[in-house]
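Rule-based calculations on the coordinates, nothing more; no lab input. Note that the structure is predicted; figures quoted are calculated from it, not measured. Cβ sites come from the backbone with ideal geometry, for glycine too, and all protein chains shown count toward neighbours.
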Amino acid sequence: MTEPLLELRRVAFGYPERLVLRDLDLRLEVGERLALIGANGSGKTTLLHLLVGLKRPTAGAVVAFGDVRETEAAFLPVRRRVGLLFQDADDQLFCPTVIEDVAFGPLNLGLSPAQARAVAEETLAMLGLDGYAGRITHRLSGGEKRLVSLATVLAMHPEVLLLDEPTSGLDEATEQRLIDHLADLPQTMLFVTHDQDLVTRLATRILRLKEGRLHEIANPSRMPIKGLHLVGRGHPCPELRRPVTTAQIRDERDTGEGAGPRAASVASGG
């Protein structure tokens, strides 16, 4: 058996008032497109955040690329290789223009401004967003923001994609456009969704998160998953030459300022 890219081993996570995840095991294998479904509030987003170190388990281990990860320093290289698409596009986009948002990650990887811009333009073109470079981010439609958010992740050239409800709130045409783009990508994926069409088109395996544990429920090529349906703030742009750390993000959240949570997934800052 090959080594999984990402793994949770008997993980628990909770708050004083309730336990969210309990004794949970997960393996994400190379080439998988794993769909994670479950009720709102069941802990799906928490699970994604655990995998990149934005939250830490109260018990168990997070293993990424063969190594147990426990500290902020240990998760930094993970975030170079794993791209997280946040559920809310406004958490992912915080620069004045589209090109600045998409170039933000490559700049933090150490590319020159010219190189980062070239990568950003190439990524936008790949997603059918030619001509969007100079657009004002906060004036984009919800669907456009979702596609630009995906561009910010793909510009980092991650090996693994963690997608939190990527089609949520999209109209039918934009949803199909996004699914088409995802279907063409080579990366291993773990995606949280309530969208039957996304599961049918992409998933190689489906897990349901219920009462803190994962349950494999069906072969997506053989049967539909009943009950799935489409559910239908400005931040100042940070200094792009300086990496942003998770500690900074937590401090900024406490004060209501700063870059927002997408900075946690940039390569050199975490």
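For the range 162-169, the Karplus equation 6.51 cos²θ - 1.76 cosθ + 1.60, evaluated at θ = phi - 60°, returns couplings of 10, 10, 9, 6, x, 9, 4, x Hz by residue, with Gly and Pro reported as x. Once backbone amide H atoms are built at 1.01 Å from N, G60 has A12 as its partners under 5 Å, excluding neighbours fewer than 5 places away on the same chain. In whole Å, what is the distance between the alpha-carbon centres of the range 73-114 and the range 10-55? So the separation of the two Cα centres works out to 23 Å. The amide H of M189, built 1.01 Å from its N in the peptide plane, has E32, R33, L34, L161 as neighbours under 5 Å, considering only residues 5 or more places off or on other chains.
Please report E17, E175, E144 as a ranked list, fewest other C-beta atoms within 10 angstrom at the top and most at the bottom.
Working: E17 5, E175 20, E144 17.
Ascending number of Cβ neighbours within 10 Å: E17, E144, E175.
Quick check: net charge around F13, other residues with Cβ under 10 Å of its Cβ, Lys/Arg +1 and Asp/Glu -1? Around F13, the charge tally is +3. Applying the Karplus relation 6.51 cos²θ - 1.76 cosθ + 1.60 with θ = phi - 60° to the range 42-54 yields 3J(HN,Hα) values of 7, x, 5, 5, 4, 4, 4, 5, 4, 5, 10, x, 6 Hz, where x marks Gly and Pro. 3J(HN,Hα) couplings calculated from phi for the range 133-143 with the Karplus curve 6.51 cos²θ - 1.76 cosθ + 1.60 (θ = phi - 60°) are, in sequence order, 3, x, 5, 7, 4, 6, 9, 6, 6, x, x Hz; Gly and Pro show x. Taking amide hydrogens as placed 1.01 Å from N in the peptide plane, the amide H of L214 sits under 5 Å from those of D25, each at least 5 positions away in sequence or on another chain.
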